Amino acid sequence: KKRLSTQLKLAYVVICLARQYFYRCRRVPLICDAWLPKAVPNDSVQPMSADPPAGHRCGASRWQRGTLWLQHVDPPPAVEGPWPPLASDPDAFTTFARDLGADERYRFIDVLDIDAPPKRALAFVVCYPTGGSVAEAILPLFSTPPPPNAAFFARQTVGGTCGTVALLNSLLNAPGVALPELGLEGDRPSAAAVLAAPAVRAAHDRCAGAAGSAEAGRRQGRHFVALVKVAKDYLWLDGKRAGPVGAGPRSKKGAKRELRKLVDAVLDARPDALFSVVALVDTAPRPRPRPPAGSAPRPRTSAP
C-alpha cells in the first residue's frame, strides 16, 4: 500500500508539472493561435513578426526564441475551389487543344456509331452518367491491372476537372501530339506540373464558357474518362482512380470492343442513360506508299 501510494503521488506530481509546462508553452507563439491557418485567402496569412504584440505576458527574448524559425516560414497554401464543368463538345475540346499549342491536324469529332469508330482515332473521351447502379455496373471494367508501360496519367484532385483530366490524358498519350503552351520541359512531364500550368486553367475556362462557370461547385451527374492506345494495349484512364486500367490488347476492333463494353454496362444499369463519345483524330493526309526501288512504273491507262 505504501509503495502504491508513493507511485500515485509521483504520478500526480508528473501530471501537475506537465500541465504547468503545457500552459506555459501556450504563451509562446510556437503554437500561438495567431499563426494557425484559418479559412481566409492565402495572401492574408502572414508569418509571425519577431516583435511581441502589445500586452504579451512573456518577455521579448522568449518571443524571439519561439518565433525564430517561424519568421521565414511560408504561409499555408489555400484550398483551391472547384472548376467550372465542361460539356461534351468536340469543337470546344478542339479549342482546348489549340490553346495548349496542339497542331491543327489534330481535332476532336463526335463518334455517332461506336460500332464504327474512326479508323485514325488516337484516343477517345467518353462521358457517361454517374450513380450507384452505374458505378457497380462498370466496376468489373475498371478492375483489370494495367500492363507495364509508360502511359501518362493525371489524377483528378479538384472538383469539376474530370473533363480536363480526360482531355490531357488523351492528348499527352497520343503519338505525335505536342502541347508547347504548357511551358514544361521533357517528353513526359509530371501530372502535377501539367495540372498546375496556368495555360491549362485558361484553356479550361475558355472551354467551359459562361454556362460552365454558372454550374461551378454543383454535382453534374456525369463523368469523363479516356480510352487511349499505348504500345500494344488499350488503357482506360479515369482521373478518380489510382492509376491506369488495362483494357485489352490493341487490335483493329479493340476500340469498338472496349467502347461497347462500357456503353452496354451503363445501359444495363440505366436504360435511359445518355452518353457521348468523342474521338481525337489525325486529319493530315497519309503519304502514298512509294514503289520499291528498281520496279517499273505502272502504265497509265487512258479512257477510251
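The values are calculated or read from the model by the stated rules, or taken from the named source; none is laboratory data. Not measured: the values here are computed from a predicted model. Heads up, the Cβs are rebuilt from the backbone with ideal geometry, glycines too, and the neighbour counts pull from every protein chain shown.
For the reader, a short list of remarks on this structure follows.
- All conditions but one from (1) of a type in the set (A, V, I, L, M, F, W, C); (2) more than 18 Å from Trp236 (Cα to Cα); (3) out of contact with any Gly (no Cβ under 8 Å at 6 or more places or on another chain) apply to Ala178; the one that does not is (3).
- The residue of the stretch 103-151 that is farthest from the chain's Cα centre (by Cα), among those that are of a type in the set (A, V, I, L, M, F, W, C) and assigned to a helix (DSSP H, G or I), is Ala137.
- If you go through the stretch 237-258 and keep only what is touching a Pro at 6+ places or on another chain (Cβ under 7 Å), under 18 Å from Pro140 (Cβ atoms) and crowded, with 16+ Cβ neighbours inside 10 Å, you end up with Leu237, Pro244, Val245, Gly246.
For (1) modelled with pLDDT under 90; (2) assigned to a loop (DSSP other than H, G, I, E, B), each residue gets a yes or a no:
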| position | (1), (2) |
| --- | --- |
| Ala199 | no, no |
| Cys207 | yes, no |
| Gly217 | yes, yes |
| Leu227 | no, no |
| Ala242 | yes, yes |
| Ala255 | yes, no |
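- The number of residues in the stretch 105-159 that are crowded, with 19+ Cβ neighbours inside 10 Å and of a type outside the set (A, V, I, L, M) comes to 10.
Let's see how each residue does on (1) over 13 Å from Lys229 (Cα atoms); (2) modelled with pLDDT of 85 or more:
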{"residue": "Pro145", "(1), (2)": "yes, no"}
{"residue": "Thr157", "(1), (2)": "yes, yes"}
{"residue": "Ser170", "(1), (2)": "no, yes"}
{"residue": "Pro175", "(1), (2)": "no, yes"}
